[in-house]
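The values are calculated or read from the model by the stated rules, or taken from the named source; none is laboratory data. What you see is a predicted model; the values in this text were computed from it and never measured. Glycine gets a Cβ as well: all are built from the backbone with ideal geometry, and neighbour counts include every protein chain shown. What goes into the accessible areas is simple: the full protein's heavy atoms, side chains included, and nothing from ligands, DNA or RNA. Shrake-Rupley method; radii C 1.70, N 1.55, O 1.52, S 1.80 Å.
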Amino acid sequence: MNKKKDISILWEKINTNAISVKKKSLKKLFEEDKDRFKKFSIMTEDLLLDFSKENIDQKSFEDLIDFIKTIGIKKSIRKLFNGEKINITEEQSALHTLLRYNPKNPLAEHTDKKKIEDVLTERNRMLLFAENIRSGIYLSSTDKKYTDILHIGVGGSSLGPKMVINAMSPDADGPNVHFISNLDGSNLSDVIESLSPTTTLIIIASKSFTTHDTLINANSAIQWLRDNGIKNIKNHIVAITNSLSGAKDFGINEENIFKIWDWVGGRFSLWSSMGLPIAIAIGTEKFIKILEGANEADDHFLNQPIEKNIPILMGLIAIWRRNIMNYSTTCVVPYEHHLSLLPSYLQQLEMESNGKTLMWDNSISILKTSPIIWGGTGTEVQHSFFQLMHQGTDVIPVDFLIGKNTRSKIKTHHNLLVSNCIAQSRAMAFGSSKKIIEKELSEKSLSNEKLNELTKHMEVSGNKPSTTYMFDSLTPKVLGKLIAYFEHKVFVMGCIWNINSFDQLGVELGKKLAQEINEIITEPNLLNNNLDSSSAGLIANFKNKSS
Ligand code: F6P
């Protein structure tokens, strides 16, 4: 039998068994199997992954494992690490794992000595620069220590470092880092209002060095330095890019240009020089710990058996939700204030990577691909959109994240925070008990009619799936590990869907159209009769503005 046939038979099997699983509630699944937690969770040194509250049974789980083995996931993982050109449209490898190369724990699959050397050299160069900023060896043009970093970049050139610095705020002891991403001038003007140009270092982060959002913000920020009498502007500007010539043409000194390679995707780049703002904020030692955590996750992904492999299981759970249960979104809810930017980071990671329709063989995927990723932090979201999760008409699976230990100086809140997190996953899974509601209401003197009405409205049906990630404490190492697990999950899903998770060609159209419209908007007499009536009407209305 050929492999393709095997795969489709297995997929059929998963779907067939799912028919009976779908008929069972989570409550029933837990009643039937007292060992669910044991069976559907993985415990490692610093992370517990509990997916027992997903509506999956033993048979489906085994089928999924057979399926992922048959598609040859381990071989695909080795291809990723070996640097095969798996980003086929751009004819590139996706070697982000090499960026966390750890000489103390080298991985057998990282065989390209030249690239390893390049990574280590550039890492050391970047870290030395970060330390020089932190210590004041590298001073501003007026011989002052830099107090603030204005980081200008967008997408992968911003979301990762921004999320990490936020997550690591208990460790941040360097200059303050401020992120500018939005083309809207208000973003920049709001931020520079509180900065002193004499002590601000500008980082222009753009892999391509062509992204207009970033370049226009960079030009305006430089103008701000100029307007404020900064003489040696070059001293105040640093670039992180794959385009040495682009950055040099922009006027940046070569020694202030840090390299990222064409074999690193923007959204996978925080481990490279793209991590410069992180290193400036928290220092070399902690930055290295983040890399070490990610390297441990890489080792795990490569070498753990499939049944115990966290990112593979994460990918399988996500596929189960998306393709078997047909849920179209995933809500990410960290019960950790410092992970508030994780949902938006994961939005790019997952949706830009796997928001595709075409497969490797250029045919259209019959399976739905990336779910919509969204979320917010607990407990705040309990008081906003959780109503819909509990009683709305859509089923929205949730990924909960919570630390066993808090790094907050105020420790007394933590038990209640953890209780809320576990309570939400319980409420989602098992809902409410009619009897208890009735009992509670019976203590109020209500008419029977009112009691019945309220009981109905208060009932929560449950049967909403969730997975909980309980990590030890949000240290640099744990953070690095978690992010790398999510990166690998995205890769696993891409392998199952047969799509290239490493390009993002769909975003190009919008950029091109914006340029064309900008020409029409900025040229007073230019009209374009080829435009649709809506866009033409909007442009005409804009051009008619009074000021
Ligand atoms: O427009 C999408 C995108 O290309 C992302 O993939 C990327 O992370 C972001 O823009 C920024 O690109 P660059 O780093 O080249 O400025």
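Counting only Cα atoms, the size of segment 378-438 along its three principal axes is 39, 25, 17 Å, in decreasing order.
Pairs of alpha-carbon atoms within less than 8 angstrom and 6+ residues apart define the contacts here; what relative contact order does segment 114-290 have, in percent?
Values: 294 pairs, mean separation 54.2, N = 177.
Across segment 114-290, relative contact order equals 31 percent.
To the nearest 20 debye, what is the magnitude of the charge dipole of segment 96-193 about its Cα centre, counting +1 on the Cβ of each Lys and Arg and -1 on the Cβ of each Asp and Glu? Walk me through the numbers before you get to the answer.
Details: 11 positive and 13 negative charges, 87 e Å.
Taking the Cα centre of segment 96-193 as origin, the dipole is about 420 debye.
Mind grabbing the base-10 log of I(q)/I(0) for segment 393-547 at q = 0.10, 0.12, 0.19 Å⁻¹? Debye formula, identical points on the C-alpha positions, no solvent, two decimal places. Here log10 of I(q) over I(0) equals -0.80, -0.87, -1.20.
Assuming a viscosity of 1.002 mPa s and a temperature of 20 °C, what translational diffusion coefficient in µm² per second does Stokes-Einstein assign to segment 461-517, Rh being the Kirkwood radius over Cα pairs? Don't skip to the answer; put the middle values down first.
Working: Rh = 15.2 Å.
Calculated translational D: 141 µm²/s.
Given +1 at the Cβ of Lys and Arg, -1 at the Cβ of Asp and Glu and no other charges, the dipole of the chain around its Cα centre is 1140 debye to the nearest 20. The value obtained for the chain, namely the Cα convex hull volume divided by the number of residues, is 210 Å³ per residue.
Which whole-number percent of Cα pairs in segment 161-201 have a distance greater than 13 Å? Show your work: numbers first, answer last.
Values: 499 of 820 pairs.
Looking at segment 161-201, the distances longer than 13 Å represent 61 percent of pairs.
Among PRO465, GLY403, THR377, which residue has its Cα positioned farthest towards the positive end of the charge dipole of segment 374-483, with +1 placed on the Cβ of Lys and Arg, -1 on the Cβ of Asp and Glu, and the dipole taken about the Cα centre? Farthest towards the positive pole: GLY403.
Given a Förster distance of 45 Å, report the FRET efficiency between LEU388 and ASP173 from their Cβ-Cβ distance, rounded to the nearest 0.05.
Details: r = 41 Å, r/R0 = 0.90.
FRET efficiency, LEU388 to ASP173: 0.65.
Each residue of segment 254-268 was assigned a 3J(HN,Hα) from its phi angle through the Karplus curve 6.51 cos²θ - 1.76 cosθ + 1.60 (θ = phi - 60°); the sequence is 4, 5, 9, 10, 10, 8, 10, 9, 5, 8, 10, x, x, 6, 10 Hz, with glycine and proline shown as x.
So, for the chain, what is the accessible surface per residue at a probe of 1.4 Å, expressed in square angstrom?
Values: 25670 Å² over 547 residues.
Averaged over the residues of the chain, the accessible area is 47 Å².
Within the accessible surface of the chain, defined with a 1.4 Å probe on protein heavy atoms only, the carbon and sulfur portion equals 52 percent. Here each label is just a point 7 Å from Cα along the line to Cβ, and for VAL460 and GLU516 those points are 5.0 nm apart. Under conditions of 25 °C and 0.890 mPa s, segment 50-178 yields 129 µm² s⁻¹ as its translational diffusion coefficient, taking Rh as the Kirkwood radius over Cα pairs in the Stokes-Einstein equation.
With unit charges on the beta carbon (Lys/Arg positive, Asp/Glu negative), name the residue among ASN87, GLY293, PHE129 whose Cα is farthest towards the positive pole of the charge dipole of the chain. Of the options given, the answer is GLY293.
Divide by every residue of the chain the summed helix terms, -39500 (n - 2.57) for each DSSP H run of at least 4, and state the resulting mean residue ellipticity at 222 nm, rounded to the nearest 500 deg cm²/dmol. Walk me through the numbers on the way to the answer.
Values: 21 runs with 250 residues, N = 547.
It lands at -14000 deg cm²/dmol.
Summary value for the chain: 18 percent relative contact order, contacts being C-alpha pairs under 8 angstrom separated by 6+ residues.
Sorted from greatest to least, the principal axis extents spanned by the alpha carbons of segment 114-290 come out as 44, 32, 28 Å. The alpha-carbon of LYS4 sits under 20 angstrom from the alpha-carbons of these lysines, leaving out residues fewer than 8 places away in its chain: LYS13, LYS69, LYS74, LYS75, LYS79, LYS368. The packing ranking of peptides 8-17, 445-454, highest mean first, is 8-17, 445-454, where packing means the average number of other beta carbon atoms within 10 angstrom of each residue.
Please give the length that would be gained between MET359 and LYS450 if that part of the chain were fully extended, namely 0.36 nm times their separation in residues minus their C-alpha to C-alpha distance (nm, one decimal). Please report the intermediate quantities before stating the final value.
Working: separation 91, 0.36 × 91 = 32.76 nm, distance 5.57 nm.
Extending this stretch completely gives an extra 27.2 nm.
Simple rule: put +1 on each Lys or Arg Cβ and -1 on each Asp or Glu Cβ in the chain, find the dipole, and look at PHE250, VAL333, ILE517; the Cα lying farthest toward the positive end is VAL333.
Given just the C-alpha atoms of segment 406-490, how large is their convex hull per residue in cubic angstrom?
Values: hull volume 10.6 nm³, N = 85.
In segment 406-490, the Cα convex hull volume per residue is 124 Å³.
Three principal axis extents of segment 102-193 based on alpha-carbon atoms, in descending order, are 50, 32, 26 Å.
With the cut-off at 27 Å, tell me which of the pairs LYS38/LYS409; LYS115/LYS286; LYS5/LYS464; LYS234/LYS543; LYS115/LYS489; LYS113/LYS289 have Cα atoms farther apart than that. Don't skip to the end; give the middle numbers.
Values: LYS38/LYS409 33 Å; LYS115/LYS286 24 Å; LYS5/LYS464 33 Å; LYS234/LYS543 37 Å; LYS115/LYS489 25 Å; LYS113/LYS289 23 Å.
Those over the limit are LYS38/LYS409; LYS5/LYS464; LYS234/LYS543.
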